[in-house]
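Okay, structure first, notes after.
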Amino acid sequence: MKKTILIIILCCAAPLLYAQTDVIMQQVKTYISNFDYKTAIEFLEPEAKKRNARAETFELLGDCYRALEDRKKAAYYYEKRIAKGGNNIPPDVFLHYGELLIYEGKYAAAKMHLQTYYDNATEPKPLAQTLMASCDTAVVWAARKDSSKNFTVENLKRLNSKFHDWGAMRRNNGIMFISNRPRNKFDENQYYAIYQSNYKRDNNLGTAEIFFTNMKKNIHLGPVVFTKNGKTIYYTQTNTDISYRDKTEQGTIWESKLEIKIAKITNNKLSAVKSFKYNNPREYSVGHACLSPNDSILYYVSDMPGGFGGTDIYYSVLEKGGEWGVPMNAGPKINTSGSEMFPTMDSTGVLYYSSNGRAGLGGLDIFRAKGEKNKWTITENMHYPINSSGDDFYLILSSDKSSGFFASNRPGGVGNDDIYTLTVTGPFPDFGYMKDPSAYEQKIRLATEKAKSERMVTFTGTVTNGVTHEGIDSVMISFVNNTTKEQVICTTDNTGAFSIILDKKEKYTYSCICEGYVPAIGKSLAGDDASTRAKGIHVEMTPVKIEEENVIAGNVILDTEQGKGIEYRVQVMASKEYPNWDYLNKAKESYPQLKILYGSFPDAFTRFTVGQFKTAKEATKLKNELRVLGYRDAFVVMFVNGKRRVISYN
């Protein structure tokens with residue numbers, strides 16, 4: 001009686017638990033729509049730890065951590081979501097996960113997931129193609145010696161904090177930069193401010209202090225640019241008149257727009273502050289000001305309507321009356337369908353800026369272009385080591401181009417964004433590939449093929465019958481790259497011999513499958529294993545033993561056509577009691593096209609199988625996939641004219 005009561009209570013509790021989860025998920029989505037990602041995470045993480053956690057939970061956690069720029073945790077939860085399987089994985093999960101893998105420098109794996117996104121998205125974003133192109137070029141560019149031999153890059157640890165530090169430039173006897181570090185131990189707002197760190201007598205940098213003492217403290221400030229005489233400053237700030245961006249079912253979503261301010265400087269204080277004529281903070285942002293060497297052209301970034309992508313670079317020309325002319329787009333040789341931002345100029349008028357809309361090493365890459373206004377030569381990527389798999393931006397060079405600063409969130413830094421010093425030990429490398437795009441693409445392709453061919457090595461081996469020791473014909477051998485999960489397949493000839501070409505810098509797991517033999521799976525091989533390459537790979541496979549078992553007539557659900565002749569299936573469960581349908585439905589969710597078949601047998605067990613195949617090889621493939629899903633006891637069974645034959649492995 002007590003057991004009956006317990007079962008009833010548990011059965012009644014299950015719907016309540018699901019209903020409770022529904023309420024939590026609805027609340028979480030409200031927090032996310034209001035950008036309160038930290039609170040959303042507090043609710044989601046306990047849900048993720050539950051045994052039967054919903055796939056959506058991992059996806060939302062990935063979104064939240066991605067918004068908070070915690071790439072490691074975002075990648076972890078996106079990976080969990082993908083591993084959860086099912087046919088309803090939103091394509092954007094693959095896009096975001098691919099971006100995060102690029103940041104980690106895992107280009108081959110990133111491209112695989114980006115391709116999955118591109119193949120499944122209804123309207124793929126152009127960004128996906130750019131990222132896939134970046135995966136192809138990144139390895140080649142990073143390996144190019146001529147693009148890095150003239151540059152030395154170092155993290156400026158003396159200035160960097162665990163927060164965002166960027167926008168560095170030489171100013172008087174020190175370095176001016178932007179940071180959102182707390183201004184005191186009670187500061188929790190993390191507003192960006194303009195700091196200055198001066199050099200001491202021992203040539204070391206002193207403590208960083210806020211430079212402009214009379215600037216507002218409850219807004220974000222930076223970056224900044226000074227006129228040639230140093231008396232006027234153009235700086236970016238968030239507008240204090242908050243404007244609404246959108247209205248949703250949860251309410252109004254608010255955000256602050258950027259605007260450019262212009263001011264005079266006297267004794268580290270601002271005066272005569274005025275707004276740039278074309279600020280429009282109720283409609284769009286205008287910021288990241290940059291001046292040409294003679295102060296006659298003002299370049300800036302905006303998401304105003306009519307651009308090419310997310311944010312574009314615009315310019316205004318100084319008119320005779322001292323007013324700035326109307327905004328003009330810098331054109332398609334600079335702007336893309338992605339986002340362009342952080343423009344700067346060197347003393348010769350070369351424009352440097354960051355973009356995620358062109359092939360590069362990942363994230364925002366720094367580019368350069370010669371010209372002015374909307375007439376430019378083809379944009380050139382600054383390559384490694386200035387660019388990395390992370391976001392690289394705001395390059396400022398000294399007047400003689402012998403040194404400079406830029407910012408990056410590349411792996412191995414001190415904080416979120418760090419300031420890096422750039423020392424130029426020779427002339428800038430000639431990135432002339434970009435002058436002829438077709439020649440550039442051909443050179444990249446040839447360099448990729450050459451680099452790969454130099455790494456490739458040939459392994460040979462044999463597969464034999466473990467009883468007769470004779471070679472086995474038509475064995476399928478699959479080598480899976482442990483890092484990229486890419487698969488290379490070969491088959492044995494009529495003597496049991498095979499050969500395979502592998503990358504000596506990679507590690508593999510290989511398996512041998514052949515009808516009538518026990519699969520040999522999970523064997524490891526390193527591409528640089530010279531000993532195995534010399535001796536050869538030798539695998540013995542054990543023949544299977546077939547035992548026949550009759551099925552009680554009438555209790556097996558069989559398609560009448562499939563029931564004739566030989567048929568292979570994969571058994572996932574056997575039970576004398578009421579079956580665990582949740583356990584079975586996991587297979588159904590991953591393989592909706594498969595039927596779950598079951599039948600009663602003389603030993604009182606009901607056996608559950610999935611799949612109906614004509615060959616054992618097809619069934620073995622499904623069995624291996626199901627084991628990955630968690631059906632660790634899955635095995636192949638054979639039906640001959642309705643009679644079940646257990647394939648037992650000796």
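No value in this document is a laboratory result; all are computed from the given coordinates. Nothing here was measured: the structure is a model prediction, and the numbers come from that model. Using ideal geometry, Cβ is built from the backbone for each residue, glycine included, and neighbour counts are taken over all protein chains shown.
The listed peptides 106-114, 152-160, ordered by packing as a protection proxy, come out as 106-114, 152-160 (highest mean of other Cβ atoms within 10 Å first). Highest-first packing order for the peptide set 519-530, 404-415 is 404-415, 519-530, based on the mean count of other beta carbon atoms within 10 Å.
Expressed in nm to one decimal, what extension gain is obtained for the pair ASN172 and LYS485 from 0.36 nm per residue of sequence separation less their Cα-Cα distance?
Working: separation 313, 0.36 × 313 = 112.68 nm, distance 5.34 nm.
Once the chain is fully extended between ASN172 and LYS485, it gains 107.3 nm.
If we sort 41-51, 218-228 on the protection proxy, mean other Cβ atoms within 10 Å, highest first, what's the order?
Values: 41-51: 14.4, 218-228: 17.9.
Highest-to-lowest ranking by the protection proxy: 218-228, 41-51.
Applying a threshold of 21 Å to the alpha-carbon distances of LYS269/LYS320; LYS111/LYS333; LYS375/LYS401; LYS504/LYS621; LYS228/LYS269 flags LYS269/LYS320; LYS111/LYS333; LYS375/LYS401; LYS504/LYS621 as lying beyond it. What FRET efficiency comes out for the pair GLU104/SER499, r = Cβ-Cβ distance, R0 = 41 Å, nearest 0.05? About 0.80, to the nearest 0.05. Run the simple label-point estimate for ASN268 and VAL457 please: 7 Å along Cα→C-beta, distance reported in nm. Distance between the two pseudo-spin positions: 6.1 nm.
At R0 = 51 Å, how high is the FRET efficiency between LYS401 and ALA67 if r is their beta carbon distance? Nearest 0.05 is fine.
On the way: r = 38 Å, r/R0 = 0.74.
Here the calculated transfer efficiency is 0.85.
Near the amide H of PHE212, within less than 5 Å, lie the amide hydrogens of ILE194, all on another chain or at least 5 residues away, with H placed in the peptide plane.
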